[in-house]
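Written out below as structure tokens is the structure these notes cover.
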Amino acid sequence: MVGGGIAGLCAALAARRTGVSVRLLDNAPVAMRGGNARHARNFRVVHGEPTPYVPDSYHASEFLAELGSVTGGTADQTLAERMVSGSETLVPWLIENGVAMQPPSLGVVPYSRRTVFPLGGGKAMINALYRQAAALDIAISSNSEVRALRDVADGGWIVEMAGSAPGESVIEARAVIVCAGGPGADAAWLRAHYGKSADGLMLRGTPYADGRMLDHLIGLGGCAVGEPTVCHMVAVDARGPRFDGGIVTRITAIPCGMVVDRFGARIDAIGAGQEPTHYARWGPRIAACDDQMAYLILDADGLQRAAPQAFAPIEAETIAALAAALDFEPAKLAAAVASFNATQPTGARPLIRAPFAAYPMRAGITFVHHGVAVDERLRVRWADGRANATLYAAGMIMAANVLRRGYLAGLGITLSAVFGRLAGEEAAHHVAR
Ligand SMILES: Cc1cc2nc3c(=O)[nH]c(=O)nc-3n(C[C@H](O)[C@H](O)[C@H](O)COP(=O)(O)OP(=O)(O)OC[C@H]3O[C@@H](n4cnc5c(N)ncnc54)[C@H](O)[C@@H]3O)c2cc1C
């Protein structure tokens, strides 16, 4: 397995349970192992009746219809159906592999009939899966970057590691499953696809999913799928770290106030209203702003309604003082506030009561809708339509087969875990044969 995120772990465990020997190589240090699942809260599962971990029911037909609606019908239907049906047994399978789930009856997670919350969040889930992998004698190597794969004449691969001299530290594998995540964490890759604006973007997840393995697979002849310039972005606090800010830097209070650009001019809210996922609609709008910067402006009333954020707001007693603190022309911000108060978007309230406050915002990329094509057995598809029975891909590196655009809450973990598990089983059966 190349990559030790949720896809790589599920692939490793599923393969190992069939009896084959498994080695998992991850380029991150131990403290950062687990990829983006460290940040995840919940994942989407089909179930016909209430279970101790998810109330009511959520049918495969609903999941497929919702997926069809957000992707505009662009998903590979066979893979979408495999993912949706695989989600039905995901919870018991993860529990069998040591993951604990949060019972909603305890009342500490929001009501959701579509998603399950691992107890302790994604980090606890990842730690449990690593413990299980060690217990099953899966060889795990952190700080181990795979640089290249070379196929060998009688089937299988030579896996070349970074930093190794020619002929040294190469691993021979009967089959390889690449679970190295999507692209995005590589500044040069971002600049190549997003131009100068790339420097103003933030990446919400691991800096270790740099897309080099994806480029390598495409270089070997793998068929590309999706679009490198289409990504899921959300509004994040500009004061957060450039990488790996996770979910806590997300700005969730936009419906409580007004957004302005870096000069203090109002940005209207068309198409980005009051719905709970409004921050995902704001991501691309902020990315399109000058310097990829915008500010959320609140008054005392908005501050009171807003959920706590990771960073304290910049506060001032008057709009003029706030403008000075943000380096805006005072008249410009005053005009923006006056126009907002005169023509408020539905559900918003006027900005009138001191103190006034601001959150600086940037766009944070969650994932890119670009990857390598796979067939229905998760085998990498070559540009000429063939598939190689010894080379598989699972997780975000192939998500664009199903998710060329759009997103549904809790889909990332479900997709990566289900396809990881399936790829592990497929590859192991091939090796055993
Ligand atoms: C902030 C944030 C919050 C999220 N919240 C949720 C949520 O609540 N629910 C949900 O369903 N989804 C969520 N997601 C999405 C979800 O986390 C991902 O879809 C999922 O974790 C992807 O798993 P993966 O294993 O495919 O890839 P990744 O998590 O990207 O893992 C890839 C792994 O491969 C390693 N790697 C990369 N290149 C190499 C190489 N050359 N050699 C060796 N190793 C390599 C990386 O270090 C990493 O460990 C969230 C994502 C982010 C960023």
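Observations on the structure shown:
- Accessible area expressed per residue, the chain, with surrounding protein chains retained (probe 1.4 Å, Å²): 41 Å²
- Largest GNM mean-square fluctuation among Ala389, Ala363, Ala348, using the chain with Cα springs under 10 Å: Ala348.
- Of Leu106, Leu136, Leu201, the one that fluctuates the most in a GNM where the chain has Cα springs shorter than 10 Å: Leu106
- For Glu329, solvent-accessible area (1.4 Å; no DNA, RNA or ligand), Å²: 120 Å²
- Ala100 paired with Asp199, simple spin-label distance in nm, labels 7 Å along Cα-to-beta-carbon: 4.8 nm
- Solvent accessible area, Å² - Glu425, 1.4 Å probe, full protein context: 60 Å²
- Residues whose amide H falls under 5 Å from that of Leu24, counting only those 5 or more places apart or on a different chain, are Ala139, Ile140, Ser141, with hydrogens built in the peptide plane.
- By the Kirkwood approach, averaging reciprocal distances over each pair of separate Cα atoms, region 178-296 gets a hydrodynamic radius of 15.5 Å.
- Residue list for region 291-305, given a label point 7 angstrom along the Cα-to-Cβ vector of Ala265 and an amide N cut-off under 19 Å: 291-297
- Of all accessible heavy-atom area on region 174-318, the percent that carbon and sulfur account for (1.4 Å): 55 percent
- Cα shape, region 58-147, gyration tensor, a/c 1.5 rule: oblate
- Modelled FRET efficiency - R0 60 Å, Val30 with Thr346, Cβ distances, 0.05 increments: 0.75
- Of the chymotrypsin sites (Phe, Trp or Tyr not before Pro) found in region 54-114, those that fall in a DSSP loop while having at most 12 other beta-carbon atoms within 10 Å are Tyr111.
- Two-site label geometry, Tyr111 and Gln309: point separation in nm, points 7 Å out along Cα→Cβ: 2.9 nm
- Annotation: Glu376 carries an accessible surface of approximately 90 Å², with a 1.4 Å probe and no ligand, DNA or RNA atoms counted.
- Among Ala300, Ala280, Ala312, the largest mean-square fluctuation in a Gaussian network model of the chain, built with springs joining Cα atoms closer than 10 Å, belongs to Ala312.
- Separation in nanometres of the label points that stand 7 Å from Cα toward Cβ, at Arg150 and Asp215: 2.1 nm
The values are calculated or read from the model by the stated rules, or taken from the named source; none is laboratory data. Quick caveat, the model's predicted, so the values are computed rather than measured. Positions of Cβ are generated from backbone atoms using ideal geometry, with glycine treated the same way; all protein chains shown enter the neighbour counts. With ligands, DNA and RNA removed, areas are computed over all heavy atoms of the protein, side chains included. Shrake-Rupley method; radii C 1.70, N 1.55, O 1.52, S 1.80 Å.
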